[in-house]
1. Shape verdict for the stretch 579-714, please, from the Cα gyration tensor: rounded (a/c under 1.5), prolate (a/b greater than b/c) or oblate.
2. Over the chain, give the accessible area per residue in Å² for a 1.4 Å probe, as an integer.
3. Around T647, with a cut-off of 12 angstrom between Cβ atoms, what is the net charge of the other residues, counting Lys and Arg +1 and Asp and Glu -1?
4. Set the Förster radius R0 to 51 Å, insert the Cβ-Cβ distance between D556 and V279 as r into 1/(1 + (r/R0)^6), and round the FRET efficiency to 0.05.
5. Relative contact order for the stretch 176-268: what is it in percent, counting Cα pairs under 8 Å that are at least 6 residues apart?
6. With the full set of protein chains in place, find how many percent of the accessible area of the stretch 616-730 is carbon and sulfur; take the probe as 1.4 Å.
7. DSSP loop (so not H, G, I, E, B), at most 14 other Cβ within 10 Å: list which chymotrypsin sites (Phe, Trp or Tyr not before Pro) in the stretch 590-667 pass both filters.
8. Multiply the residue separation of Q500 and E720 by 0.36 nm, subtract the distance between their alpha-carbon atoms, and state the gained length in nm to one decimal.
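The values are calculated or read from the model by the stated rules, or taken from the named source; none is laboratory data. Computed from a prediction, not measured in an experiment: that's the story for all the values here. Here Cβ is always computed from backbone atoms with ideal geometry, including for glycine, and neighbour counts include all displayed protein chains. Side chains are part of the model used for accessible areas, which takes the heavy atoms of the whole protein and leaves out ligands, DNA and RNA. Shrake-Rupley method; radii C 1.70, N 1.55, O 1.52, S 1.80 Å.
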Amino acid sequence: MRALLALTLFLTAVMPAAANPVRKDMPQADKTVEAAVETLLRRMTLEEKVGQLHFPSLAFPHAPQIEAVRRGEIGAMLNVVDPKFIRPFAEAARRSRLGIPMLFAIDAIYALKITFPPPLAWAATWRPELAERASYEVAREARAVGVNWTFAPMVDVSRDPRWGRVIEGAGEDAFLGSAFAAARVAGYRRGGLATSVKHFVGYGAPEGGRDYTGTEISTPELMDRYLPPFKAALKAGSETVMASFNTINGVPVTMNRTLVTDLLKKRLGFDGFVTSDFVAIGELVNHGVARDLEEASVLAFRAGIDFDMASGGYDLYLAKAVRDGRIKIADVDEAVRRVLRVKFRLGLFQQTAADFEALPRTVDETEVRQSARSVAQESFVLLKNDTATLPITPATRSIALIGATADSAQHDHSWWGPAGHTKPKTETLRQALEARARLGQKINYAPAFADACGREFSDKAAAIEAAKRSDVVIYNVIEDCDIQGEGVSRTKLELSGRQQELLDELAETGKPIVLVVETGRPLVLTKADKQVSTILIAWHPGTEGRAALAEVLLGDVSPSGKLPMTFPRSEGQIPIAYNALPTGRPWTGSRYTTGYVDEAHTPLYPFGHGLSYTTFAYDALVLSEPKMTIKGAIDVDVTVRNTGSRTGSEVVQLYTRQLVASRSRPVKELRAFEKMTLKPGEVRTLRFRLNAQDLGFHDDAGRYVVEAAPFKVFAGGSSETAVATDFLVTRD
Ligand code: BGC
C-alpha cells in the first residue's frame with residue numbers, strides 16, 4: 001500500500017492539468033477531429049451525453065432499445081453480429097436528433113468464422129507479424145458483418161497456468177507480450193476494428209490462479225511486468241482500454257483513480273476511452289466498496305471509467321449525479337469527448353445507409369485459411385523428440401492414431417465463438433493424415449474414447465491393440481473442452497478426463513509414442529513426459545490446424561514454435577517463470593538453499609524452449625564494445641549454425657541480467673528475438689542492438705531508472721541459454 005501511495009504522489013507531481021483538446025502542435029487531422037467533437041458536444045443534451053457512455057445488457061433485437069437509440073440514449077451495442085440486427089440499430093442512430101453512429105462490439109479475438117489458434121499459440125510462433133495477420137483476418141471477417149469494435153487484444157502477463165485466461169494472452173513475459181500486443185492492435189485496426197486493450201491491469205496475477213480474485217502488486221512490478229504490453233498497445237493506437245475486474249492492493253481497478261486517471265490517462269497520455277469490464281461497475285457492490293449501483297456508478301465515473309459495460313448504472317444514475325452535484329458536467333463532457341473522438345477517428349460519421357445495406361460483405365476465405373494454416377504450423381512446440389521419432393518417415397509402415405480428438409472436427413475453443421455462423425469445413429487429424437500418408441503407409445485409427453474431450457472410454461482395448469500392431473503411436477490428447485478460458489481455473493493441470501489412464505496402458509506396449517497435446521495453457525506433463533518419446537504441443541490449432549498438424553507430423557513442415565510460458569513440473573511450483581529474482585541462497589542441492597524437498601525447483605520445460613527436426617549450435621557472442629554509457633548502445637552478434645541434416649527455423653533469443661543493482665534484478669530478461677530459417681550446414685550471424693536506456697527498471701515511486709552497472713548478455717534457443725558474455729554500463 002505504501003508503494004501505491006508513493007506512486008500516487010509521483011504521478012500527481014509529474015501530471016499536466018487536463019489537456020486542452022485542440023492544441024497548436026497537433027497534426028491537422030487531429031485538429032479536425034477535435035473541432036468536430038467540440039461542435040457536437042456543444043449541441044448535446046445531458047441525456048444524449050449519457051447515452052454515449054454505456055451499452056445495455058439486455059438481449060436484442062429489442063424494440064425499446066431501438067427506440068432508445070432513436071432518442072440518442074444508447075451509443076453502442078454488444079454482441080450484435082448479424083447484419084439483419086445491425087441495420088435497424090444503425091438506421092435508428094442515423095435518424096436520432098444528432099445522428100451519432102454506434103459502436104458495435106464483440107470479442108472478435110481469434111475467430112469469427114474461420115477459427116485461428118488462440119493468442120497464446122500466436123505468441124508461440126515468436127513472429128509478431130503472424131499475429132498481425134491473424135488479427136487482421138479476424139477483424140476483416142468481423143467488419144464484413146458490421147462490427148466495428150473488438151474487445152481485444154488481451155495483454156495480461158501471467159505466470160499462472162491455473163488461470164484459464166492465459167489462452168487469450170501472450171504468456172509470461174512483458175517484452176514478448178509487448179511485441180504481440182502491438183502487432184495485434186495493428187492487425188485488428190488494419191482490418192477495420194477499433195481495439196480495446198485489456199484488462200487494465202494486473203488481471204493476469206489472480207491470487208491462487210482463481211479467476212476474478214484480487215492481487216497485490218508493488219509499483220516496480222506493476223510498471224515493469226504488467227504495464228509494458230499496455231504501453232505497446234497504446235503506442236500502436238488502441239482506441240479504447242478495458243479496465244479489469246480485480247482489486248489491486250485492495251482497491252478494485254473499476255474505482256481506482258490512481259491507475260485509471262493518473263497513470264493511464266495522464267501519465268501515459270491515453271486520449272481514447274476507458275470501458276469497464278462486463279457489469280464490473282455493479283460488481284463494486286460485491287467488492288464491498290459501494291452500497292448500491294448508484295454509489296458504484298459515481299465511484300467508477302470519478303475514477304475515470306468513461307464507459308459502463310452493461311451494468312446499467314450510468315444509464316440510471318449519471319444524469320442524476322450531475323444534477324445532485326456529485327459529478328461535474330465538465331467530467332461528463334470529458335468522457336463523452338473521448339467516446340466521440342474514437343467514433344470520429346474510426347470514420348463512423350462518414351458511413352451511409354448504403355454501407356449498411358451492403359452488409360455482409362464477402363471475405364475471401366482462401367486467404368483467411370492460408371493465414372490460419374501458417375499460424376498453426378509455426379505455433380506448434382516440439383518439447384521432446386527422443387530417437388527422432390518425428391517426423392514420421394515413409395519407412396514407417398503403420399501408424400496407430402489414438403485419442404479423443406483424433407477424428408474430431410471440433411475447433412471452436414473461443415468461448416465467445418464464431419457467433420451465428422455455419423461452421424466452416426475442416427479436416428480432422430485422421431482425415432488430414434490419411435490424405436497425406438505415403439503410399440502403403442497404414443493408419444490404424446482407434447479413438448478409445450466415446451467423446452471428443454477424453455472423458456469416457458468407448459473401446460480402450462481396440463486402441464491398445466492398434467498400438468501393438470503399429471510401428472509408432474500418435475496419441476492426440478486434449479484439455480477438456482469445457483475447462484479453458486474465462487472462469488475456468490484449475491488446481492490440477494495433468495491430462496484431463498481419463499486420458500492419462502490410457503497413456504499408462506499405451507506406455508506398456510513399448511511402442512514409441514508421439515503425444516500431441518491440444519491445450520490453451522501449460523499443463524503438468526511430468527508423468528507423461530517419462531512415458532512417451534515425443535511431445536508436440538499443438539495448442540488448439542483451429543480450422544486449418546489439423547491439416548497443419550499432419551504436415552508437421554509427416555515432416556513436410558519442421559516445428560519452430562517456442563514456449564511463451566513455462567511448463568511446470570507440478571502445480572505446487574506455480575507461479576513459475578524464467579525471469580524470477582535471484583535468492584540469497586541459490587540452489588546447490590543441499591538443505592537451506594532454495595528448492596523443494598519433494599520436487600525439483602526447475603520447470604519441466606522452460607520459457608523459450610522448443611525443438612526442431614534439425615539442431616542448432618551457437619558460437620561465442622561478439623560485442624561491438626565491452627561497455628557503453630547509460631545513453632549509449634552496443635551491438636551483440638550472435639552466430640548460429642544448423643548442425644543437423646534438415647532445413648529448420650530457430651528463434652534466436654537474447655537475454656540480459658543486471659548483475660549489481662539498487663534492487664534485486666531478474667536472473668534473466670528477454671531483450672530481443674528473431675526467427676530465422678537455416679539450411680543444413682548454413683551459418684548466419686544476427687546483430688542485435690542493446691540500448692542502455694532499455695535496460696532500466698522502475699523504483700518504488702514509479703520512476704524509471706537506468707543504472708551504471710555490470711551486466712551479462714546471454715543468447716540461445718531458449719531461456720536456458722547457450723552462450724553468454726559480460727559488458728558494463730557506465731555513467732559517462
Ligand atoms: C470479459 C471480457 C470481455 C467481456 C465482454 C467479460 O466477462 O472479462 O474480456 O470482453 O466479458 O464479452
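1. oblate
2. Each residue of the chain exposes 37 Å² on average to a 1.4 Å probe.
3. -1
4. After rounding to 0.05, the efficiency reads 0.60.
5. 37
6. 47
7. Those satisfying the criteria are Y592, Y596.
8. Difference between extended and current length: 76.3 nm.
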